[in-house]
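Working notes, beginning with the structure itself.
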Amino acid sequence: MIFRALILLALLLAAGPVLAGPMSAVTCHCFTDRSYDAARPEAADAYYLAATQNTFFAQLFKTEKKLLVRGKQKGMLMADFWVAHYVAEQTNSSAETLLKARYEHPNWSATLAAQGIDGQALELFFANALASEASGTQLDRVIIDELLPRHGVLTKEDIAPLRQGGLENQEMLMVALLAKKTGKPAQTIAQEKKDSGKSWSGLFHEAGIDIARIDTEITTLLGTLG
């Protein structure tokens, strides 16, 4: 009896990934390193990157960071948060409803259609991106590349070179904040980061950006440039 029970347990464990739905992959966002350590300069980078993006996002869309964290813990992707909140803002829809619907459909085009939202009636830059979603266009990148210049966080001239240099969404925001704090051009900061190999948390430390006060830093960034 015990042997048969052990076999059944093994089969259930093996079937776990197959039985799991799209929302079952829980992602841990419990960061153990949350401050710069000169002895381990890159240890806190993941936290700095996440905290900067979460704070910027929350202030931009006037939502709470804890909702982002909870969503990520449930398996939601940050990319979908960007799209849901952008579309909600443009259509007076519920971002929460859009997020839940997203995981019932294969992509955002199908999601919006199911919600009765005509994606092609939204802003042209997004409508064009949505039309090419099936070919691999990353909607969150397109939205961020549009919103950063719109809110004065980066210039339109900055965007393409920074992306060509390999910067992802989180890193774009880090560079923007460092540029605001130091007065250096964003492209200069990105190049210096690449050349020096310094950690993001180390660059924040050198610039006098206290990650514990990231809300204030982002408020200043958006308030003075927006």
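The values are calculated or read from the model by the stated rules, or taken from the named source; none is laboratory data. Note that the structure is a prediction, hence the values are computed from the model and not measured. When we count neighbours, we look across all protein chains shown, and the Cβ atoms used for this are built from the backbone with ideal geometry, even at glycine. Side chains are part of the model used for accessible areas, which takes the heavy atoms of the whole protein and leaves out ligands, DNA and RNA. Shrake-Rupley method; radii C 1.70, N 1.55, O 1.52, S 1.80 Å.
Here are the numbers:
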item: Any hit, region 186-201, residues being among the charged types (D, E, K, R), modelled with pLDDT under 95 and open to solvent by 50 Å² or more (accessible area, probe 1.4 Å); result: no
item: Identity of the residue in region 76-110, more than 15 Å from Asp140 (Cα to Cα) and β-branched (Val, Ile, Thr), that ends up surrounded by the most Cβ atoms within 10 Å (Cβ to Cβ); result: Thr91
item: Residue within region 102-116 that is within 27 Å of Lys65 (Cα to Cα), hydroxyl-bearing (Ser, Thr, Tyr) and not in a helix (DSSP H, G or I) present; result: yes
item: Residues within region 134-153 that are buried (at least 17 other Cβ atoms within 10 Å of the Cβ) and in contact with a Gly (Cβ under 9 Å, 6 or more places away or on another chain), tallied; result: 1
item: Qualifying residue in region 146-157 (condition: over 22 Å from Gln59 (Cα atoms), without any contact (Cβ under 8 Å) to a residue 40 or more places away in the chain and basic (Lys, Arg)); result: no
item: Residues within region 171-203 that are within 24 Å of Pro149 (Cα to Cα) and touching a Phe, Trp or Tyr at 6+ places or on another chain (Cβ under 6 Å), tallied; result: 3
item: Residues located in region 188-211, provided they are without any contact (Cβ under 8 Å) to a residue 40 or more places away in the chain and among the hydroxyl-bearing types (Ser, Thr, Tyr); result: Thr188, Ser196
item: Failed item, numbered, when Gln120 is tested on (1) open to solvent by 40 Å² or more (accessible area, probe 1.4 Å); (2) modelled with pLDDT under 95; (3) within 13 Å of the chain's Cα centre (by Cα); result: (3)
item: Tabulated pairs, region 71-91, first on the phi > 0 side of the Ramachandran plot and in contact (Cβ under 8 Å) with a residue 24 or more places away in the chain, second open to solvent by 10 Å² or more (accessible area, probe 1.4 Å) and among the hydrophobic types (A, V, I, L, M, F, W, C), C-beta under 8 angstrom, 6+ apart or interchain; result: Gly75/Met23; Gly75/Ala25; Gly75/Val26
item: Residue in region 132-143 that is in a loop (DSSP other than H, G, I, E, B), aliphatic (A, V, I, L, M) and more than 30 Å from Glu42 (Cβ to Cβ) present; result: no
item: Residues of region 88-113 that turn out to be of a type outside the set (S, T, N, Q) and touching a helix residue (DSSP H, G or I) at 6+ places or on another chain (Cβ under 6 Å), as a count; result: 9
item: Region 44-70: number of residues that are assigned to a loop (DSSP other than H, G, I, E, B), in contact (Cβ under 8 Å) with a residue 24 or more places away in the chain and not β-branched (Val, Ile, Thr); result: 2
